[in-house]
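I have placed the structure first, in the form of structure tokens, so that the comments after it can refer back to it.
The values are calculated or read from the model by the stated rules, or taken from the named source; none is laboratory data. Please read these numbers as outputs of a predicted model, since none were measured by experiment. So basically every Cβ, Gly included, is an ideal-geometry build from the backbone, and we count neighbours across all protein chains shown. When the accessible area is computed, the model is the full protein with side chains, heavy atoms only, and any ligands, DNA or RNA have been set aside. Shrake-Rupley method; radii C 1.70, N 1.55, O 1.52, S 1.80 Å.
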Amino acid sequence: MSRFTGTVLAVTSALALVAGSAAAAVAAPAPGAAAEAKVAAVDWKPCNPDPSQPDPKIYDCAVYQVPLDYDHPKGETTGIAMMRRRAGDPAKRIGSLFLNPGGPGGSGYLWATTARFGKDVQDRFDLVGFDPRGVARSNPLKCFTTDEEAAGVNDRMIGVPVTRAEIAQTIDATEDYSDACSRNAGPLIEHMSTINVVRDLDRMRRAVGDSKLNFAGFSYGTLIGATYAGMYPDKVRALIVDGNVDPNLRMHNGVEYDRQRATGFEVALTEFLKRCQTAGAPRCAFGEGDTRAKFDALRDHLRTSPLTLPDGTQVTLSSFTSQVASSLYAQRLQAPLAVSLQAAYQVFNAPAVAAQGLAAAPAVDPAVVENAKVLAKTVPNALREALPETPYSADDSYYGVNCQDKPYPSNPWTLANLAKPWEKESPTFGRYQAFDGPTCASWPAPARDAERFTGPWNGKTAAPVMVIGNLYDPATNYGFAQRMQRQLGNAVLVSVDVVEHCAVGRSKELGKLVTDYLVNQKAPAPGQLLKPDAEAFPPVA
């Protein structure tokens, strides 16, 4: 619930190609260019977000129609699925707080039910979650007609391909994926860029009757917030961006953006291993001995061959890397990750122990095998709540947005040839991240042909934008948050000392600042470094 046999010349060529495609982007309308126009009001209907539970009778739902193509605003429309949690104290209601969880392609519909914001915020604001265009309930972008058809393509993609054959198979599959999108996705595929999501958001703001926007965006949602601030700075009341992208880099150079994402994952992994080592076993199950050396030994083995568990299950480099990456996103997953890493290391190390004559080939405890098996499961690229069954139950909005926003060269092998140097720089995540881009190389509606907002993002908002960055955010590294703060025209950065992606709801100190900002429009003091409420490896009772 969303990567050498060459030389430095290959890298330089890739960046030059990307820069050239970025230059072809269509400029966005200047802030304030269009006068405020009336739009139809949202037609809310009472709904229950969880039909398996009693209806709390505080939620409403709607599908709001917006132009598919804003160059033809009276033409075809597309529906945006919306849910709101009505303000708990209507007499003191300030307005609506729109929420986006990121992705791109993350479903925000049920975020109206989030507990990340305290009672004062819930009392004073309608919390409004929505699925952006092409996502989940909002006319989902679909490249396939059945799950079986999709599996026939997706199952051929290897998350971290190493050999020439694996790389060729993966690139062939990405081209087949793009061909399927060209056949099946329809006209929506040409209108998935963030500029259109922001136009939709501004229309929804007017449709709920708010004169100015209150918005909290997480991860990719920070690009939505920054773009809104750049396009409509005079329409911002309060804007929170948490787990930030670097807008300028993302919209001008998809290749370099992905390389820096890999280094961010690597920094987060290093800090995770360091904190595990400091906590030691049993607080951190992987904390006995040299955590870095143990981890590297496992990863380097997987680069050449899978780890076969006693029951025959295989841990591959792709499944291992995806599980490690996923667990770094959330602090609550890191102690379980340590358990799985230690279990896998025990299996990996057992033959070496026997070979040294220290023991016969030891039998591995079944519980250890079960813990290690977690690392054999590849985490899906995008996690979304299940929707009613259809012949094709997923959507393809992740690439629909990324490939329209982030410029890439049109030859997928240019990207594949970056895997080796990136792997030298970021041994665990360089190759993993390099293979996020090849699909966009053959995408039928690429960034170089799309209407995109490419900055600047320095529109002067009345209140400072609240920028939140974790020091060890894996997916959007801390440097991105620092750059976001600088690129915005009026912003304050609050930092949190944690290995995790995004921070709102994880720190009471931060919650107080968020509430004061949203309710009272009081910007936090700059330069604050906060702690999360919980530790990854708490003391054992």
Discussion item. I'd like the isolated cysteines in the chain, meaning no second cysteine's beta-carbon lies under 4.7 angstrom from theirs.
Written reply: Cys502
Worksheet item: If you place +1 on the Cβ of every Lys and Arg and -1 on the Cβ of every Asp and Glu, how big does the dipole about the Cα centre of the chain come out, in debye to the nearest 20?
Response: 1480
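With all protein chains present and a 1.4 Å probe, how do Met157, Met466 order by accessible area, largest first?
Values: Met157 55, Met466 0 Å².
Result, largest first: Met157, Met466.
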Response to the item:
Heavy-atom accessible area with a 1.4 angstrom probe orders Asp147, Asp71, Asp179, most exposed first, as Asp71, Asp179, Asp147
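How big, on average over all directions, is the shadow cast by the Cα convex hull of region 171-229, in nm²? Can you show the working numbers first?
Working: hull surface 22.3 nm².
The orientation-averaged projected area of the Cα hull of region 171-229 comes to 5.6 nm².
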Discussion item. For a protection proxy built on the mean count of beta-carbon atoms within 10 angstrom, sort 197-204, 279-286 highest first, please.
Written reply: 197-204, 279-286
Practice prompt. Go ahead and estimate [θ] at 222 nm for the chain from helices alone: -39,500 (n - 2.57) per DSSP H run with n ≥ 4, summed, over the residue count, rounded to 500.
Written response: -12500 deg cm²/dmol
Worksheet item: To the nearest 10 Å², what's Lys420's accessible area with a 1.4 Å probe?
Response: 90
Response to the item:
the chain: antiparallel bridges as % of DSSP beta bridges, rounded to 5, reads 40
Worksheet item: So how many Å³ per residue does the convex hull of the Cα atoms of region 102-236 work out to?
Response: 142
Worksheet item: How large is the convex hull of the Cα atoms of region 203-348 per residue, expressed in Å³ as a whole number?
Response: 158
Practice prompt. Using every pair of alpha-carbon atoms in region 50-103, split the distances into 5 Å bins beginning at 0 and state the percent of pairs per bin, rounded to integers.
Written response: 4, 14, 15, 18, 18, 15, 8, 6, 1
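Mind checking the alpha-carbon convex hull of the chain and giving the volume per residue in Å³?
Per-residue hull volume (Cα only) is 159 Å³.
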Fill in: Fraction of accessible area attributable to carbon and sulfur, region 73-197 (%, probe 1.4 Å)
46
Practice prompt. Using the structure shown, select from Lys212/Lys512; Lys460/Lys508; Lys212/Lys522; Lys274/Lys373; Lys45/Lys508 the pairs with a Cα to Cα distance greater than 26 angstrom.
Written response: Lys460/Lys508; Lys45/Lys508
Worksheet item: Which whole-number value in Å² is the accessible area per residue of the chain, probe 1.4 Å?
Response: 40
Response to the item:
Neighbours of Val519 by Cβ distance under 12 Å: Lys/Arg at +1, Asp/Glu at -1, summed charge +3
Response to the item:
Note: region 179-278, point scatterers on Cα, Debye, no solvent; log10 I/I(0) at q = 0.13, 0.15, 0.18 Å⁻¹ equals -0.65, -0.79, -0.95
Response to the item:
For Cys61, Cys143, the accessible-area ranking with a 1.4 Å probe, largest leading, is Cys61, Cys143
